[in-house]
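Encoded as structure tokens, the structure appears first; notes follow it.
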Amino acid sequence: MRTAVTREWDSFRQLLPAVDGQHWAEPTRLGEWTVHDLAAHAVWGISMEADALRRRGTTTGERARGSGPDPASGPDVVRAQLDAARDELVGELAGLTEGDLDVLAPLPYGDCRSPCSRRSWSWRPASTPRPGGRRRSRRGAPG
């Protein structure tokens, strides 16, 4: 799981340098979300997953919270926060043992066993080519 999560977020992060400030405000295929909106949401989601893992097995009843960049943050700030959140999540994952996989983590929408990052798709602006020229289906599989 650690390898898969690391690989997925690294893949997402590697695409961001190709997006300059001009394209940061371009829409994605996710309704009215811009590239900035999606990247900022990824920061929030990754930091929330790390916080949930930190809180796993506690009895405080507090739910995990994520933190994201200020909406006015530029690409460099969001990229740096994405890197920091990814490192935090990878650090929490590194501390997991087999026994931890059955411990509930308190995510905002309910308790979950071993929270895991999901593949982000369809965020690229139209002017940014996909690696290898392949198109992906809505489920993230090559299509």
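A single entry from LEU96, LEU53 fulfils the requirement of being in contact (Cβ under 8 Å) with a residue 40 or more places away in the chain and in contact with an Asp or Glu (Cβ under 8 Å, 6 or more places away or on another chain): LEU53. Filter segment 5-38 down to the residues that are β-branched (Val, Ile, Thr) and either within 13 Å of ASP83 (Cα to Cα) or outside any helix (DSSP H, G or I) (or both) and list them by number. Residues satisfying the conditions are THR6, VAL19, THR28, THR34.
Does segment 73-82 contain any residue that is in contact with a helix residue (DSSP H, G or I) (Cβ under 8 Å, 6 or more places away or on another chain) and surrounded by fewer than 17 Cβ atoms within 10 Å (Cβ to Cβ)? Scanning segment 73-82, I find no residue that is in contact with a helix residue (DSSP H, G or I) (Cβ under 8 Å, 6 or more places away or on another chain) and surrounded by fewer than 17 Cβ atoms within 10 Å (Cβ to Cβ), so the answer is no.
Scanning segment 39-69 for residues that are hydroxyl-bearing (Ser, Thr, Tyr), surrounded by fewer than 22 Cβ atoms within 10 Å (Cβ to Cβ) and closer than 9 Å to ALA85 by Cβ yields a single hit, SER67. Give all pairs with beta carbons closer than 6 Å in which a residue from segment 76-93 that is touching a residue at least 24 places away in the same chain (Cβ under 8 Å) meets a residue that is in a helix (DSSP H, G or I) and among the polar types (S, T, N, Q); count only pairs at least 6 apart in sequence or on separate chains. As it stands, the answer is ALA85/SER47; VAL90/THR6, since those pairs meet every condition given.
For SER122, indicate whether it is out of contact with any strand residue (DSSP E or B) (no Cβ under 7 Å at 6 or more places or on another chain), modelled with pLDDT under 85 and either surrounded by 11 or more Cβ atoms within 10 Å (Cβ to Cβ) or under 17 Å from ARG13 (Cβ atoms) (or both). When the stated conditions are applied, SER122 passes them. Annotation note: of ASP111, ASP100, the sole residue that is modelled with pLDDT under 90, in a strand (DSSP E or B) and not aliphatic (A, V, I, L, M) is ASP111. Considered as a group, the residues in segment 49-68 that are of a type in the set (A, V, I, L, M, F, W, C) and touching a strand residue (DSSP E or B) at 6+ places or on another chain (Cβ under 7 Å) include one that is nearest to ASP100 (Cα to Cα), and that residue is LEU53. The C-beta contact set for segment 60-72 (first residue at positive phi, second residue surrounded by 10 or more Cβ atoms within 10 Å (Cβ to Cβ), distance under 9 angstrom, 6+ apart or interchain) comprises GLY61/PRO106.
The values are calculated or read from the model by the stated rules, or taken from the named source; none is laboratory data. Values in this document were obtained by computation on a predicted structure and should not be read as measured data. Note: ideal-geometry Cβ built from the backbone for every residue, glycine included; neighbour counts use all protein chains shown.
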